[in-house]
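The values are calculated or read from the model by the stated rules, or taken from the named source; none is laboratory data. Owing to the predicted nature of the structure, the values given are computational and were not obtained by experimental measurement. Here Cβ is always computed from backbone atoms with ideal geometry, including for glycine, and neighbour counts include all displayed protein chains.
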Amino acid sequence: MGIFSSKEELCVSIPKNILDEKVIVSVTGSIPNREVSDFIGPIFAEKVFMPTMRKAEQHFTKIREEVQYLLMEKALEKGANAVLGFSVSFAPYQAQGSGWGVSMVVASANAVVVK
């Protein structure tokens, strides 16, 4: 389905429930009662979409969730079991030569291994 569909599935190859079990996500730089044993490095996930005026909040929520799971999948593929400092940024821009306004959503974090 296209970018206007609310029924579009997440574009990750690992099921969400597996990612939820294997990767801890923290917006802070630490996880209570866990020690970082290995720093893998910064990771990013991004998605471009065209927001519509109808139900914009639902679109942003869905896109935020999608980039979070994309980031979790990348972390797992690099050998991480946690991401620290998770952050999402939304940036509107107009595609060159087009009258269409779109948004870029970027998730970033540090991939780590915790004990």
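Odds and ends about this structure:
- Residues that are acidic (D, E), modelled with pLDDT of 95 or more and either in contact with a Leu (Cβ under 7 Å, 6 or more places away or on another chain) or surrounded by 12 or more Cβ atoms within 10 Å (Cβ to Cβ) (or both) within the stretch 16-55 comprise D20, D38, listed in sequence order.
- Set side by side, the residues E73, E66, E9 differ, and just one is charged (D, E, K, R) and either at pLDDT 95 or above or under 18 Å from K115 (Cα atoms) (or both), which is E73.
- Among the residues of the stretch 65-90, those identified as touching a helix residue (DSSP H, G or I) at 6+ places or on another chain (Cβ under 7 Å) and assigned to a helix (DSSP H, G or I) are Y69, M72, E73, L76.
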